[in-house]
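Read through the structure below, which is laid out as structure tokens, and then see the notes.
All of the numbers you see were taken from the coordinates with simple rules; none came from a lab. All values derive from a computational prediction rather than experimental measurement. No Cβ is skipped: glycine too gets one built from the backbone with ideal geometry, and neighbour counts run over all protein chains shown.
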Amino acid sequence: MPDLHLREALPDDWPILWHWLHAEPDPEWKRWDAPYFHGQTGGLSYADFAEQEAGRAPHPHRRIVALDGACIGQVTRWEEAPAGGGWWELGIVLYDPAHWGGGLGGEALRRWTADTFAQTAAHVLTLTTWGGNVRMIRAAGRAGYEECARIPEARLWQGKRWDSVKLARLRADPQPEAGA
């Protein structure tokens with residue numbers, strides 16, 4: 001497995017993040033990461049993005065996915081209401097399709113899951129995707145998640161109805177081995 005780490009965002013990451021979040025007009029990652037929510041990108045200059053990032057305090061619930069030191073994506077988490085209830089939702093995105101399909105997303109999710117259980121009082125972690133994102137569903141399964149809800153035809157994307165899929169993992173579930 002290449003050198004994969006989850007770490008704080010660094011100023012060296014800003015050009016990569018800006019490219020994938022704002023400069024690329026129709027990035028492939030947005031066609032898989034809840035595409036029914038995304039609008040067109042663009043409009044934010046690099047200077048404005050860098051100023052925004054420079055003013056941002058370190059965020060304990062967001063990490064960069066770094067491959068051999070370079071930013072290739074992000075992981076996020078947030079606590080579902082009510083606070084203190086023990087339910088956290090996770091998110092993951094690898095921006096460049098060149099990094100898809102080789103197990104990096106599943107490994108990043110496995111690590112983010114372990115970190116979230118270690119750093120929070122989470123009892124259950126969930127992630128939500130859509131029926132068309134089979135790679136995400138498989139990666140979640142490899143990280144120990146099981147499908148717990150499927151809302152039929154809840155999402156409209158490119159003229160077709162897709163299921164919304166929620167996957168969950170309990171703190172008490174065994175942690176999968178790296179590369180499993």
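Numbers below:
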quantity: Additional length obtainable on full extension of the chain from residue 157 to residue 44, 0.36 nm per residue less Cα span; calculated: 38.1 nm
quantity: Protection proxy ranking of 152-159, 83-90 - average other beta-carbon atoms within 10 Å, highest first; calculated: 83-90, 152-159
quantity: Unit charges on C-beta of K, R, D, E only; dipole of the chain, Debye; calculated: 640 debye
quantity: Global form of the stretch 1-71, assessed from the alpha-carbon gyration tensor, a/c cut-off 1.5; calculated: oblate
quantity: At least 15 Å along the helix axis (C-alpha) and Kyte average at least -0.5, DSSP helices within the chain; calculated: 104-119
quantity: Helix-only mean residue ellipticity at 222 nm for the chain, each DSSP H run of n ≥ 4 adding -39500 (n - 2.57), per residue, nearest 500; calculated: -6500 deg cm²/dmol
quantity: Most to least packed among 104-110, 129-135 [average Cβ atoms within 10 Å]; calculated: 104-110, 129-135
quantity: Solvent-free Debye scattering, log10 I(q)/I(0), computed from the Cα coordinates of the chain at q = 0.16 Å⁻¹; calculated: -1.07
